[in-house]
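A short worksheet on the structure shown next.
Rule-based calculations on the coordinates, nothing more; no lab input. All of these numbers come straight from a predicted model, not from anything done at the bench. Here Cβ is always computed from backbone atoms with ideal geometry, including for glycine, and neighbour counts include all displayed protein chains.
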Amino acid sequence: MKRKGLINGIRLIVLSTMIGLLSFQSYAAKTMDAEASAGKKLFEGSSSFLNGGPACISCHNVNHSELISGGLFAKDLTKVYDRMGEGIAGWLGAPPFPAMAASYQNHPLTENERNKLMAFFKSANEEKKDSVCIPFVAEVLTEVK
């Protein structure tokens, strides 16, 4: 009986190590490139827009591992890249919504800022929230019983 407990303990240690390694690999894969990182900073307001427009996070939210929750006044932009693709940059240059149009009328985004925001939206869109090890973990834990 002691031997079975020891084997189960070793299984749990191996499993914990594997989960840790998979989590680290998953985190490393999620790191953003410089363009997306600059877009994140513009979105959250830690970097200011050249022409002084408000930070996107004031009204919008994006679910991203490196970002706090944002505003709820406007549409969630987590999957905006799925919906609009590269068209986001052009859309940001002439927003069709009255509140955005008024906010950025005298504070237009530069082409560079629009491209950085688009890179961030693409990064947020591609970020995987699901863990690749969940089926494996469930299988191993059922064997530990």
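Remark: the LYS75-ALA101 segment gains 7.9 nm on full extension, using 0.36 nm per residue and subtracting the alpha carbon distance. Between region 63-91 and region 95-127, how far is it from one alpha carbon centroid to the other, in angstrom? Result: 9 Å between the Cα centres.
Model label sites at GLU111 and SER48, defined 7 Å from Cα along the beta-carbon direction, differ in position by 2.5 nm. Placing pseudo-labels 7 Å out from each Cα toward the beta carbon at SER58 and MET84 gives an inter-label distance of 1.8 nm. Each of LEU50, LEU117 was scored by other Cβ atoms within 10 Å of its Cβ. Listed from fewest to most, they are LEU50, LEU117.
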